[in-house]
1. Counting residues in the range 273-325 as N, plug N into 2.2 N^0.38 Å and put the Cα Rg over that result.
2. Would you mind checking the pairs Lys99/Lys172; Lys169/Lys297; Lys63/Lys251; Lys46/Lys344; Lys99/Lys212; Lys30/Lys344 and listing those with alpha carbons more than 23 angstrom apart?
3. 5 Å is the cut-off here: which amide hydrogens, built 1.01 Å from N in the peptide plane, fall below it relative to Cys207, excluding neighbours closer than 5 in sequence?
4. Treat each spin label as a single point 7 Å out from the Cα along the C-beta direction, and report the Thr358 to Thr58 distance in nm.
5. Could you state the orientation-averaged shadow area of the convex hull built on the Cα atoms of the range 207-292, in nm² to one decimal?
6. Please report the antiparallel percentage of DSSP beta bridges with both residues in the chain, rounded to the nearest 5.
7. List the longest stretch of the chain that has no exposed loop site; here a site is one of the chymotrypsin sites (Phe, Trp or Tyr not before Pro) assigned by DSSP to anything other than H, G, I, E or B, with at most 10 other Cβ within 10 Å.
8. With the calculation restricted to Cα positions, what are the radius of gyration and Dmax of the range 234-341 in angstrom?
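Quick note: the coordinates plus some simple rules give every number you see, no bench work behind them. Predicted model only: the values in this text are computed from it and were never measured. Ideal geometry is used to build each Cβ from the backbone, glycine not excepted, and the neighbour counts take in all protein chains shown.
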Amino acid sequence: MGQCLPAWPLLLLPVLFLASKMPRVDSDLKLDFKDVLFRPKRSSLKSRSEVDLQRTFTFRNSKQTYTGIPIIAANMDTTGTFEMAQVLSKHTLFTTIHKHYSVEDWKNFAANHPECLEHVAASSGSGNADLEKLCAILEAVPALKYICLDVANGYSEYFVEFVKTVRGKFPKHTIMAGNVVTGEMVEELILSGADIIKVGIGPGSVCTTRIKTGVGYPQLSAVIECADSAHGLKGHIISDGGCSCPGDVAKAFGAGADFVMMGGMLAGHDQCSGEVIEKNGKMYKLFYGMSSDTAMKKYVGGVAEYRASEGRTVEVPYRGDVENTIRDVLGGLRSTCTYVGAAKLKELSRRTTFIRVTQQSNQMFT
Ligand code: 5GP
């Protein structure tokens, strides 16, 4: 009887063994902002002025409530400045303040601009010195309610432990943490105590991670997938990076982002740090990634030998007061809402159908 068993399944064994060692290719299509447009829908809205961009959220772990227009200035040292926060907070926009201000700077800011504290976060990396400074800032400014824990690679176990530690120390603060791009890591960080997960690896305007490491995830798909995971746990997400025009901001919200973070779109303004540079009669301001040579030379004395810089330095045309840019972004977003029939920003993702496209806009005169 045993002799009658067919021998061919045995032949498959080496194939299975080899297959398990092969790299996997996920061939599901993943999309970026540039790959889609909104499909317009019938709407009863008369004017874009009727659109309400304010959102109210209650956060899963801190149990705190937020109200505002959920657009955030990135915690880069050029854009995440106190000057930026003063203008953005007037419009109820948010600023993640960069981590290089001293405790004294924070004390002065809090004393002179207490009205801004509702719409700012203190940023921190995951080192011991970072944590010490964060604790000192939160002690010096008790009205500060938000913490932004920012590392380039949110996938390390060490970072997960760090989020747990910070949650343990600050049970009532709302914690933003990242960056990640996949649902399982969004869930892990939320379950470890974070409230809002920063989503984006490699889409940034001055980011070279994809070139230096080959790692990344198209931002629109990352947002769609991560929003689904976060919302399943009553958590929230920030779409961080990759917005190059107001339409991209709208697409990030349409994809399910609760907040959208911008660096490059806010660069080059009066409220950014750095001097205006004049070259051949034109005015510029310097903008650079927080892992660029420029930032590392400024703060840690250079690029450490074991790592490559993963950020670019660029001269962006000087753009004056950031007020004009804010108006442009908010105007665009209101208009998107009217095209798809969303009376409130809250309704935008429910009213969104994206169509895949091969071209964003007519390039004839650009
Ligand atoms: P942007 O709005 O300019 O497209 O993207 C801003 C985001 O880029 C920031 O919020 C941050 O997540 C990311 N970023 C900033 N500096 C660097 C850097 O030096 N390297 C990388 N990989 N990402 C950066």
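1. The reported ratio for this selection is 1.37.
2. The answer is Lys169/Lys297; Lys63/Lys251; Lys99/Lys212; Lys30/Lys344.
3. Result for Cys207 returns Arg312.
4. Going from the Thr358 label point to the Thr58 one covers 5.0 nm.
5. If I average the Cα hull's projected area over directions, I get 7.5 nm².
6. Beta bridges within the chain, antiparallel portion: roughly 35 percent.
7. Numbers: sites that count: Tyr306, Phe365.
In the chain, the maximal stretch lacking such sites is 1-305.
8. 16.8, 53
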